[in-house]
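Readers should treat all values here as calculations from the given coordinates under stated rules, not as data from a laboratory. All values reported here derive from a predicted model rather than from experimental measurement. Positions of Cβ are backbone-derived with ideal geometry, glycine not excepted, and every protein chain shown enters the neighbour counts.
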Amino acid sequence: MSERSVQDFIKDLVTQNQVMLFMKGNKFFPACGFSAKSVQILKMNGATFETFDVLSDPDVRSGIKEFAQWPTIPQLYINGEFLGGSDIMMEMHENGELKTMIEGLSAN
Amino acid sequence: MMEPTKIAEILQASLPDCQALVSDNAGDKEHFQAEVVSSAFEGRSRIQQHRLVYQALGDHMKGDIHALALKTYTPSKWPNKA
């Protein structure tokens with residue numbers, strides 16, 4: 001993929017899926033502790049979510065860092081908006097923000 | 001590989017009024033935990049606060065630092081403040 005089309009591909013994924021997690025591995029077999037933690041947090045909050053395994057595509061793996069101006073993976077997007085990595089997810093889980101946000105989604 | 005103290009030094013040198021506690025609990029000098037306080041975080045979202053830390057670390061984030069679990073605080077929210 002050219003650099004342009006990688007960014008478009010990522011944009012499509014985050015717009016088409018309300019809750020989208022870019023991670024290492026997939027939700028059944030996470031390949032990194034931080035990715036595993038992120039999947040678990042989403043499950044605990046009852047989220048319906050899609051994942052993309054960046055290990056399956058080096059272009060997306062580097063492109064996603066540029067897309068969010070964020071150097072690490074996992075990355076969570078809700079309604080096309082970048083929310084943060086696993087530390088921010090954990091904070092939003094602990095203070096209940098994530099639950100409120102996810103419940104708001106399913107109400108629509 | 002990187003010394004946790006080196007990471008703390010970089011952050012303290014690049015961010016205003018910064019205190020950084022950095023450790024590598026696994027002892028591998030690649031996976032780090034950091035608590036960072038700076039007045040630069042004032043009025044910024046969590047994402048922006050974390051971005052400031054990543055920017056300060058620059059290319060280290062692509063190289064010697066494999067993972068960095070991060071907690072950021074403004075000086076008034078700093079739980080360990082004296």
Theoretical FRET efficiency, 1/(1+(r/R0)^6), r = Cβ-Cβ of residue A:11 and residue A:95, R0 30 Å, to 0.05: 0.55
Just to be sure I understand the rule: take each whole DSSP H helix in chain A, project its Cα atoms onto its long axis, keep it if the span is 30 Å or more and its mean Kyte-Doolittle hydropathy is at least -1.0. Which ones pass? none
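Considering all alpha-carbon pairs of the protein assembly as shown, what whole percent are spaced by more than 20 angstrom?
Details: 10145 of 17955 pairs.
Summing the P(r) of the protein assembly as shown above 20 Å gives 57 percent of all pairs.
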Fewest-first ordering of A:4, A:61 by Cβ atoms within 10 Å yields A:4, A:61
For A:64-74, what's the mean count of beta carbons from other chains sitting within 10 Å of each residue's beta carbon? 3
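Given C-alpha coordinates of the stretch A:3-106, what is the ratio Rg to Rh with the Kirkwood estimate of Rh? Mind showing how you got there, number by number?
Values: Rg = 12.7 Å, Rh = 13.5 Å.
Using only Cα positions, Rg/Rh for the stretch A:3-106 is 0.94.
So in the protein assembly as shown, what percent of DSSP beta bridges are antiparallel if you round to the nearest 5? Write down the numbers at each step before the final one.
On the way: 13 of 24 bridges.
Of the beta bridges lying entirely in the protein assembly as shown, close to 55 percent run antiparallel.
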Neighbour-count ranking [beta-carbon atoms within 10 angstrom, fewest first] of A:13, B:11: A:13, B:11
For chain B, I need the span (max minus min coordinate) of the C-alpha atoms along each principal axis, in Å, sorted largest to smallest. 33, 26, 20
Cβ-based exposure ranking for A:32, B:18, in which fewest neighbours within 10 Å come first: A:32, B:18
Amide H of residue A:57 versus every other amide H placed in the peptide plane: which residues, excluding those fewer than 5 positions away on the same chain, fall under 5 Å? none
Which Cα, out of B:2, B:45, A:16, lies furthest along the positive dipole direction of the protein assembly as shown (beta carbon charges, K/R +1, D/E -1)? B:45
About the Cα centre, and with charges only on the beta carbon of Lys, Arg (+1) and Asp, Glu (-1), how big is the dipole of the stretch B:4-77? Nearest 20 debye, please. 300
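Per residue of B:4-13, count partner chain C-beta atoms within 10 Å of its C-beta, then hand back the mean as an integer.
Working: counts 0, 0, 0, 0, 0, 0, 0, 0, 0, 0.
If you average over the peptide's residues, the count of other-chain Cβ atoms is 0.
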Per-residue mean of C-beta atoms belonging to partner chains within 10 Å, peptide A:77-86: 2
Total charge of the residues flanking residue A:49 in space, meaning their Cβ is under 13 Å from its Cβ, with Lys and Arg +1 and Asp and Glu -1, is +1
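For chain B, what is the number of Lys pairs with C-alpha distance below 22 angstrom, counting only pairs 8 or more positions apart or on separate chains? List each step's numbers first, then the result.
Working: B:6/B:29; B:6/B:62; B:6/B:71; B:6/B:81; B:29/B:62; B:29/B:71; B:62/B:71; B:71/B:81.
So the count works out to 8.
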What spacing in nm lies between the two simple spin-label points modelled at residue A:103 and residue B:45, each 7 Å away from Cα in the Cβ direction? 2.2
Show that you can apply the helix-only estimate: for chain B, add -39,500 (n - 2.57) for every DSSP H stretch of four or more residues, divide by all residues, and state [θ] at 222 nm to the nearest 500. -8500 deg cm²/dmol
